[in-house]
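One structure is given below, represented as structure tokens, and several questions about it will come after.
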Amino acid sequence: MAVVIKYVVERDGVERMTFTSKKEADAYDKMLDIAESLETLLQKVDVPLSEQQVESLALEIAKRKEEFSSVLKGSTPVEKKPAKSSAKVTELNKQAG
């Protein structure tokens with residue numbers, strides 16, 4: 001029998017992702033924190049967006065924070081190659097509203 005260590009990221013009691021690396025789990029958790037902060041900010045903008053659109057947009061911005069940060073600083077975004085992940089998607093919380 002093998003011993004397997006898994007790092008689980010949970011939000012509001014819902015398992016979001018499972019990782020085999022603590023570093024990746026921490027990075028994903030931080031990305032979710034950023035997305036939550038962005039949702040709060042996006043809800044205040046004067047653009048008609050549904051709750052689902054705000055959530056999706058915030059998550060995408062958080063996933064690509066380096067590119068958005070670069071653009072906001074006036075630079076051209078640098079395309080980076082996707083890294084292989086040791087993550088297993090367990091729940092993406094794509095529930096309607």
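The values are calculated or read from the model by the stated rules, or taken from the named source; none is laboratory data. Only a predicted model underlies this, so the values are computations on that prediction, with no experimental measurement involved. Cβ sites come from the backbone with ideal geometry, for glycine too, and all protein chains shown count toward neighbours. Surface areas here come from the heavy atoms of the whole protein model, side chains and all, with no ligands, DNA or RNA. Shrake-Rupley method; radii C 1.70, N 1.55, O 1.52, S 1.80 Å.
Just need a number here: residues in the range 42-68 that are in a helix (DSSP H, G or I) and surrounded by 12 or more Cβ atoms within 10 Å (Cβ to Cβ).
Adding up the residues that qualify gives 16.
Which ones in the range 69-97 are modelled with pLDDT of 85 or more and in a loop (DSSP other than H, G, I, E, B)?
Correct list: LYS73, GLY74.
Another question, then. Could you go through the range 23-35 and let me know if any residue there is in contact (Cβ under 8 Å) with a residue 40 or more places away in the chain, over 17 Å from LEU57 (Cα atoms) and surrounded by fewer than 16 Cβ atoms within 10 Å (Cβ to Cβ).
no
Need pairs with beta-carbon distance below 8 Å; first residue in contact (Cβ under 8 Å) with a residue 12 or more places away in the chain and within the range 2-14, second open to solvent by 100 Å² or more (accessible area, probe 1.4 Å) and of a type outside the set (Asp, Glu); sequence gap 6+ or separate chains.
Hits for this filter: TYR7/LYS22.
Looking at the structure I just gave you, is GLU10 at pLDDT 90 or above, open to solvent by 90 Å² or more (accessible area, probe 1.4 Å) and touching a strand residue (DSSP E or B) at 6+ places or on another chain (Cβ under 8 Å)?
yes
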